[in-house]
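Undergrad: This is the structure, below, for whatever I ask next.
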Amino acid sequence: MASRIASRLLRRSNATLGLIRSYSHARNYSSQLSALIPIGSQSSKLTRRRYYLPNASPYQLWSRSFASDNGDQVEAVVPFMGESVTDGTLANFLKKPGDRVEADEPIAQIETDKVTIDVASPEAGVIEKFIASEGDTVTPGTKVAIISKSAAPAETHVAPSEDSTPKETPPKAEETKPKVEEKSPKAEPPKMPLPPKTSPTEPQLPPKERERRVPMPRLRKRIANRLKDSQNTFAMLTTFNEVDMTNLMKLRSDYKDEFVTKHGVKLGLMSCFVKAAVTALQNQPIVNAVIDGDDIIYRDYVDISVAVGTSKGLVVPVIRDADNMNFADIEKGINALAKKATEGALSIDEMAGGTFTISNGGVYGSLISTPIINPPQSAILGMHSIVQRPVVVDGNILARPMMYLALTYDHRLIDGREAVYFLRRIKDVVEDPRRLLLDI
């Protein structure tokens, strides 16, 4: 009876050990599993023992290298992409088969609805082949490439020189009979082809060879769908105003050096507009609210989304709790988020939420525009370029640095009165920043 139980336990332990050895961490638990069969047991009765393996999260399993039976090959797989991201599109390969890669070196990129994620090589080696193809929809754990840890990089074949190519031997001369010269007919000049006849009303379209059709990136699809959903959902209306930037620009010029010395970051214009938006949202809380079904949700916090244009599309990272931040904190937060956006390193959490958006088209030279609301928010502020324009100041015509402001809002929730008051508050604070100190 004891030998039968021992044999059964041996078969189970061997099956379990074979399953675990498919992962790179099998060595850590082989010694524990060997304890299932007591060798040289002094008792005829076997004692049942329970052994538990530590649970590994899906992220740990997917980001871990999987070795083949001979231990020479590993597979690069799609990593964990976030709790709210279920799949992505294999956008492009950064390497090609035969290339040498180091451990954790990116070899491919996955595009999701919001961010771009790298697929890294789990070990140093040479790429043998890619399993997935560009454009494939992949999920965490999908195999992308096979890496050989011992293979040498593919050699570059040099084309043989002209000297090394064997010269063809001329064919043997054949005896030919003398031929009588025949008079060839005079060659007629080539006739030019006539252009095809077209009707007077038929448009002359460019040839298809001058057009290129490429698949739309996943991020661009997401942006297109969200903007169209915004137009179809909101009753959008835009109100405009202009602001004199003289005092704010003077404030920035007077204290820019001291600001950098103390806080280690430059004083920009965005921090003042964020502070102005915070005080305007506190004065008009309906602009910070949102419609949810038949209810209105008032949010007693201010998370400002800042639109950032990148080479892959528009992203909108969020400055959390902007109502509790000073100028330096806002500038540091904007700089950090802008750097991540440019490098494509923003996470899903850094772009989720937000109660109000500021978009600065002025950095591209935009004079005036009507921005589109970023759902599920209810309004967006559009900043524009600063232009010297003649204005009347105390009865005199002076050249002043002026900026147009645009506020697009959901007219289902926000009336024109609240929208105008909101924009006037931003104008008053920007034209006289001392209002922020006195809270007036």
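The values are calculated or read from the model by the stated rules, or taken from the named source; none is laboratory data. This is a predicted model, so every value here is computed, not measured. Methodologically, a virtual Cβ is constructed for each residue, glycine included, from the backbone with ideal geometry; neighbour enumeration extends over all protein chains shown. The area values use the complete protein model at the heavy-atom level, side chains included, leaving out ligands, DNA and RNA. Shrake-Rupley method; radii C 1.70, N 1.55, O 1.52, S 1.80 Å.
Undergrad: Only one of THR408, THR357, THR342 is modelled with pLDDT under 95, in the same structural domain as VAL243 (by the TED database), of a type in the set (Val, Ile, Thr) and within 28 Å of SER311 (Cβ to Cβ); which? Steps first, answer last, please.
TA: Numbers: THR408 fails: modelled with pLDDT under 95; THR357 fails: modelled with pLDDT under 95.
That would be THR342, the only listed residue that is modelled with pLDDT under 95, in the same structural domain as VAL243 (by the TED database), of a type in the set (Val, Ile, Thr) and within 28 Å of SER311 (Cβ to Cβ).
Yes/no per residue for (1) modelled with pLDDT of 95 or more; (2) among the charged types (D, E, K, R); (3) surrounded by 13 or more Cβ atoms within 10 Å (Cβ to Cβ); (4) in contact with a Gly (Cβ under 9 Å, 6 or more places away or on another chain):
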| position | (1), (2), (3), (4) |
| --- | --- |
| PRO207 | no, no, no, no |
| ARG210 | no, yes, no, no |
| VAL214 | no, no, no, no |
| ARG218 | no, yes, yes, yes |
| ASN232 | no, no, no, no |
| ALA235 | yes, no, no, no |
| THR238 | yes, no, yes, yes |
| VAL243 | yes, no, yes, no |
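Undergrad: Out of (1) touching a helix residue (DSSP H, G or I) at 6+ places or on another chain (Cβ under 8 Å); (2) modelled with pLDDT of 95 or more; (3) at positive phi, the odd one out for GLY313 is which?
TA: In the conditions (1) touching a helix residue (DSSP H, G or I) at 6+ places or on another chain (Cβ under 8 Å); (2) modelled with pLDDT of 95 or more; (3) at positive phi, GLY313 misses (2) alone.
Undergrad: Also, quick follow-up: Is one or more of the residues making up segment 290-304 of a type in the set (Asp, Glu) and in contact with a helix residue (DSSP H, G or I) (Cβ under 6 Å, 6 or more places away or on another chain)? Walk me through it before giving the result.
TA: Step one: of segment 290-304, the residues of a type in the set (Asp, Glu) are 292, 294-295, 300, 303.
Next cut, in contact with a helix residue (DSSP H, G or I) (Cβ under 6 Å, 6 or more places away or on another chain) only: none.
Scanning segment 290-304, I find no residue that is of a type in the set (Asp, Glu) and in contact with a helix residue (DSSP H, G or I) (Cβ under 6 Å, 6 or more places away or on another chain), so the answer is no.
Undergrad: Pick from segment 314-324 the residues that are farther than 19 Å from ALA341 by Cβ and free of Cβ contacts under 8 Å to residues at least 40 places away in the same chain: which of them is least open to solvent (accessible area, probe 1.4 Å)? It would help to see each step written out before you state the result.
TA: At the first step, the residues of segment 314-324 found to be farther than 19 Å from ALA341 by Cβ are 321, 323-324.
Now drop any that are not free of Cβ contacts under 8 Å to residues at least 40 places away in the same chain, which leaves 321, 324.
Working: ASP321: 74, ASN324: 121 Å².
Per the stated criteria, the residue is ASP321.
Undergrad: Scan segment 375-396 residue by residue and report those that are of a type in the set (Gly, Ala, Ser) and either surrounded by fewer than 24 Cβ atoms within 10 Å (Cβ to Cβ) or within 14 Å of GLY362 (Cβ to Cβ) (or both). Explain how you work it out, then say what you get.
TA: Of the residues in segment 375-396, the ones of a type in the set (Gly, Ala, Ser) are 378-379, 382, 385, 395.
If the condition is that a residue be of a type in the set (Gly, Ala, Ser) and either surrounded by fewer than 24 Cβ atoms within 10 Å (Cβ to Cβ) or within 14 Å of GLY362 (Cβ to Cβ) (or both), then GLY382, SER385, GLY395 are the ones that fit.
Undergrad: Still on this structure, please answer the following. Just one of (1) out of contact with any Lys or Arg (no Cβ under 7 Å at 6 or more places or on another chain); (2) in contact (Cβ under 8 Å) with a residue 24 or more places away in the chain; (3) not hydroxyl-bearing (Ser, Thr, Tyr) trips up ASP244, so point out which.
TA: (1)
Undergrad: Taking helices (runs of 4 or more DSSP H) that do not extend beyond segment 218-326, which have at least 2 residues that are in the same structural domain as ASP349 (by the TED database) and in contact with a Leu (Cβ under 9 Å, 6 or more places away or on another chain)? Give the derivation first.
TA: Values: elements: 218-233, 246-263, 270-283.
Result: 246-263, 270-283.
Undergrad: Still on this structure, please answer the following. Collect the residues in segment 106-123 that are touching a strand residue (DSSP E or B) at 6+ places or on another chain (Cβ under 7 Å) and either among the hydrophobic types (A, V, I, L, M, F, W, C) or without any contact (Cβ under 8 Å) to a residue 60 or more places away in the chain (or both), keeping them in residue-number order.
TA: Correct list: PRO106, ILE107, ALA108, GLN109, ILE110, ILE117, ASP118, VAL119, ALA120, SER121, PRO122, GLU123.
Undergrad: Residues in segment 374-397 that are under 20 Å from MET270 (Cβ atoms) and part of a loop (DSSP other than H, G, I, E, B): how many? So that I can check it myself, show each step before the final result.
TA: As a first pass, look at segment 374-397 and keep what is under 20 Å from MET270 (Cβ atoms): 374, 377, 379-387.
Next, from what is left, pick out any that are part of a loop (DSSP other than H, G, I, E, B): 374, 377, 384-386.
Matching residues across segment 374-397 total 5.
Undergrad: If you don't mind, there's one more thing I want to ask. What number of residues within segment 76-105 satisfy the criterion of being surrounded by 17 or more Cβ atoms within 10 Å (Cβ to Cβ), assigned to a strand (DSSP E or B) and either of a type outside the set (Gly, Ala, Ser) or free of Cβ contacts under 8 Å to residues at least 24 places away in the same chain (or both)?
TA: 5
Undergrad: Right, another one. Anything in segment 253-308 that is open to solvent by 40 Å² or more (accessible area, probe 1.4 Å) and among the aliphatic types (A, V, I, L, M)? List them, or say none.
TA: Residues satisfying the conditions are VAL260, ILE291, ILE296, ILE297.
Undergrad: On to the next question. Out of the residues in segment 329-363 meeting the condition of being closer than 29 Å to ALA91 by Cα and among the acidic types (Asp, Glu), tell me which one is least open to solvent (accessible area, probe 1.4 Å).
TA: In this case the residue turns out to be GLU350.
Undergrad: Something else: List pairs: first in segment 339-352 and assigned to a loop (DSSP other than H, G, I, E, B), second surrounded by 13 or more Cβ atoms within 10 Å (Cβ to Cβ) and small (Gly, Ala, Ser), Cβ under 6 Å, 6+ apart or cross-chain?
TA: ILE348/GLY82
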